[in-house]
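Read through the structure below, which is laid out as structure tokens, and then see the notes.
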């Protein structure tokens, strides 16, 4: 091999080796950001309560006599109530009254944050505590090694439809899906159907044969950009556990029946702790 050819060969080898390393670094950076988000103030590790409201007054405070018992906090003085009437929630505390819109309006008391959530015909109060034991006892995420073979350019089929999405509460909802992704893996032709939960982003809830053994039993999540030129990139190295893997006070969606895959996807986030 002449000198010029050797230089070209060496450069080509460097590019071939650099690409996987660059990709691995990108995935590792995303994984580090995910763990940091979980551990952050207000992250899923701080979710320590979910209280379903009944019509009328629902008292809250640190005293055991309240219907909603909160962790003791130096800034929590006295008791209050969440009043549910005609689907609207009003908070009463220390002589003040305030209507709370679901998800948007936060009540902050020291390390505690509370807000209204709606799930079907149920209305509740979600509690976050920055001093939660889930956060203090967090042992870190576990992942499969990054494997570029699980970064798949799937064929996108645009077929707007409604799909039935169940959740852990036993409820179902009809969600809009813009189509589905088709791809081959482990000798099988597979399909995954997403919803567009966030504008401009596809959200897949799926389960594979690693579930309950190596990965979270109920399934995992995957976010992707919108399709381009008839393709959508499914990067299972960035598949991640639902919030229910870290707190019993989440209301996670479950995989629709069409997203239960008969293959092992040994990529992405693994089981957390004993979950």
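The values are calculated or read from the model by the stated rules, or taken from the named source; none is laboratory data. Model, not experiment: these values are computed from the prediction. Here the Cβ positions follow ideal geometry from the backbone for every residue, glycine too, while neighbour counts run over all protein chains shown.
A few comments on the model shown:
- Extreme residue, surrounded by the fewest Cβ atoms within 10 Å (Cβ to Cβ), among residues of the range 229-275 that are touching a strand residue (DSSP E or B) at 6+ places or on another chain (Cβ under 9 Å) and in a helix (DSSP H, G or I): 257
- Selection of the range 216-228 for residues being touching a strand residue (DSSP E or B) at 6+ places or on another chain (Cβ under 7 Å) and part of a strand (DSSP E or B) yields 220, 221, 222, 223, 224, 225.
- Restricting the range 78-88 to residues that are in contact with a strand residue (DSSP E or B) (Cβ under 9 Å, 6 or more places away or on another chain) and part of a loop (DSSP other than H, G, I, E, B), the residue that is surrounded by the most Cβ atoms within 10 Å (Cβ to Cβ): 79
- Test: residue in the range 104-122 that is surrounded by 14 or more Cβ atoms within 10 Å (Cβ to Cβ), out of contact with any strand residue (DSSP E or B) (no Cβ under 6 Å at 6 or more places or on another chain), touching a residue at least 60 places away in the same chain (Cβ under 8 Å) and part of a strand (DSSP E or B): yes
- Residue that is nearest to residue 157 (Cα to Cα) [pool: residues in the range 189-200 that are at pLDDT below 95 and in contact with a strand residue (DSSP E or B) (Cβ under 7 Å, 6 or more places away or on another chain)]: 196
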